[in-house]
Every structure is written in C-alpha cells, then in structure tokens.
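Asks: Take a look at the following structure, please.
We did not get these values from a lab; they are worked out from the coordinates using the rules stated. None of the values given here were measured: they were computed from a predicted structure. Here the Cβ positions follow ideal geometry from the backbone for every residue, glycine too, while neighbour counts run over all protein chains shown.
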Amino acid sequence: MNDEHPKIVNRDWRLQAITTLAEDFVSPFTGIAHKAGTPVEIAGFVKYQGQLLQMPVPNPGAVYLSLGQRAAEQAREILQELQGKLVKRVDGTNALPSDCDRILFDALENLIACVVFAYTALEAFANESIPDDYKFERIRGDKKCTELYSKDQIERHLSLDTKLDEVLPVIHSVVTPKGTKTWKMYIWLKNLRDRFIHLKSSDWRKSAPDSADEFVWTDLLSDQVLQAPSIALGIIEHYSSPDRPRWLKKIPFRAI
C-alpha cells in the first residue's frame, strides 16, 4: 500500500529525496508562506543552454540501476530476435546471417552497459552511504601501524570489496554479506565488469570450438548477465533498513 502524499506519489522514483510539509511553514530567508502538503525536494541549479535551470537532484545509484535495467531489457528483446535467425551449419554449429551483424553488436553493447552500470550503481551507493565525518580505521597490511581514512580517502583509496565488506556493515549496523550467495553473485558481477573495463587483447581474439567457454563473449551472453541490475540491488538491499530511502522503496524491479 502506498502511503505517500497525493502530490508526490507520481513523482519519479529516482529522485534523491522528496517529501511534503507536515504543517504550514514560513521561510526565514524569503518570508514566503508554504501550506502543509507542499512538496519539498532536494534541488540544484545547473547551466542549460546558457541559462540557470533549477532541477530536482536524482539519486546516483538509482540512475545507474535504471540505466542497467533498461539496457538489460533492450538486450533481452534483441536476443529474442536473434534466436529466430540462427542458421544450422553442416558441421553442426550455428551461425548468423551476415546482415545480422548490427543486431548482434547492439545486443553486446546493451549487455556490456547492463554489467557496467549495475556495478557502477554499487560504487555510487557505497560512496553515498559514508557520512561526511566518518573515519575508518584498520591495521596496515604489514601490521606495523593503524591506518585512518577520512570519507574522501575511503572513496578514493579503498576497493569496493573493502567498502562492502568492512565499511558499510559498520555504518548500517549489519553483518557483512561476504560469504553469502549474494556476495558470490557480486563477485561474479565484479569480475565480468573488470574484464570489460580492463580488457585484454586476448579477450577480443577469435576462439576455437574447444575454448569457447573461455571467450569473454560467452560470459557476456549468459542468461545471468540480464540479472546484473537485480544482483546489484540485492547487495544494496542487504544494507537497507525499515526507513530505507524512497527510491529504494519504489524501484520498479526486484533483487535476486
């Protein structure tokens, strides 16, 4: 059941934050009176075509998850189209007609986008979760001293693995997801994302039938790739609480 105020219930789910005034309010800065029920949102000013534009601020994790999910849906449609165009060769393998190159590459682009945006959503969520005054302390690898990291240093110098395993559990008062099925799927997502962001030339080369399982495109064309945004959402929801943000409550797809 949706208990949002009628004035904001239909506003986009990707908003960073929006609510309504519980009672009448007079701004101490402008003197303007605002009635109870007036929407209040986080907004900022940008330059657009040479003019100042006030725009609502989106949540970065929500935007990246949305991009990933849209890419997954587009890839799914294209792959279904390709399935009907497969041609059986005399050697028993399958091929695509030469006029299907564009369709195939469109599918691959969307699958890459699905993976990269899903992973980026996790990076955005992790960094956003760190309070401005938060300090993270850990023993250095050589065990000779303790290292202290500010928010900026955490964002810049600690891996996403460390943020999800050591930093965010403390901030959100939950156990680490490391060792769970959710974490295993996250590692799969991370490894595939890394293969495309840090692409090696060997990953682009042709593969023989007996080494097709090792080809990066085989991994990209697996059914699990279409679930990448849901996998990322599953990690995010591990840290969520009953008062989780509006965008997370209203996100239009589910975690796995």
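Asks: Looking at the square roots a ≥ b ≥ c of the eigenvalues of the Cα gyration tensor of the stretch 47-194, which shape do they give, rounded for a/c under 1.5, prolate if a/b is larger than b/c, or oblate?
Replies: Judged from the Cα gyration tensor, the stretch 47-194 comes out oblate (a/c at least 1.5, b/c at or above a/b).
Asks: Take the chain, connect every pair of alpha-carbon atoms lying under 10 Å apart with a spring to form a Gaussian network, then pick out the residue of Lys35, Lys181, Lys163 with the largest mean-square fluctuation.
Replies: The residue that fluctuates most here is Lys35.
Asks: Short version: what are the Cα gyration tensor semi-axes of the stretch 156-207, square root of 5 times each eigenvalue, largest first, in whole Å?
Replies: 29, 13, 5
Asks: Can you pick out the pairs among Lys163/Lys250; Lys7/Lys250; Lys85/Lys184; Lys144/Lys190; Lys47/Lys250 whose Cα atoms lie more than 27 Å from each other?
Replies: On the way: Lys163/Lys250 25 Å; Lys7/Lys250 16 Å; Lys85/Lys184 34 Å; Lys144/Lys190 31 Å; Lys47/Lys250 29 Å.
Pairs exceeding 27 Å: Lys85/Lys184; Lys144/Lys190; Lys47/Lys250.
Asks: Dividing the alpha-carbon radius of gyration of the chain by 2.2 N^0.38 Å (N being the number of residues), what value is obtained?
Replies: My calculation over the Cα atoms of the chain gives 1.27.
Asks: Can you pull the semi-axes for the stretch 117-183, root of five times each eigenvalue of the Cα gyration tensor, sorted largest first, whole Å?
Replies: Each semi-axis is √(5λ); the values are 20, 15, 12 Å.
Asks: Please work out the C-alpha center-to-center distance from the stretch 28-102 to the stretch 129-206 and express it in whole Å.
Replies: One Cα centre to the other: 26 Å.
Asks: Sorting Ile171, Ile154, Ile231, Ile32 on the 10 Å Cβ count, fewest up front, what's the list?
Replies: Ile32, Ile171, Ile154, Ile231
Asks: Simple spin-label model, 7 Å along Cα-to-Cβ: Arg156 to Asp194 in nm?
Replies: 2.3 nm
Asks: Another question, if that's okay. Per residue of the chain, what 222 nm ellipticity follows from adding -39500 (n - 2.57) for every DSSP H run with n ≥ 4, rounded to the nearest 500?
Replies: Details: 8 runs with 103 residues, N = 256.
Helix-only estimate at 222 nm: -12500 deg cm²/dmol.
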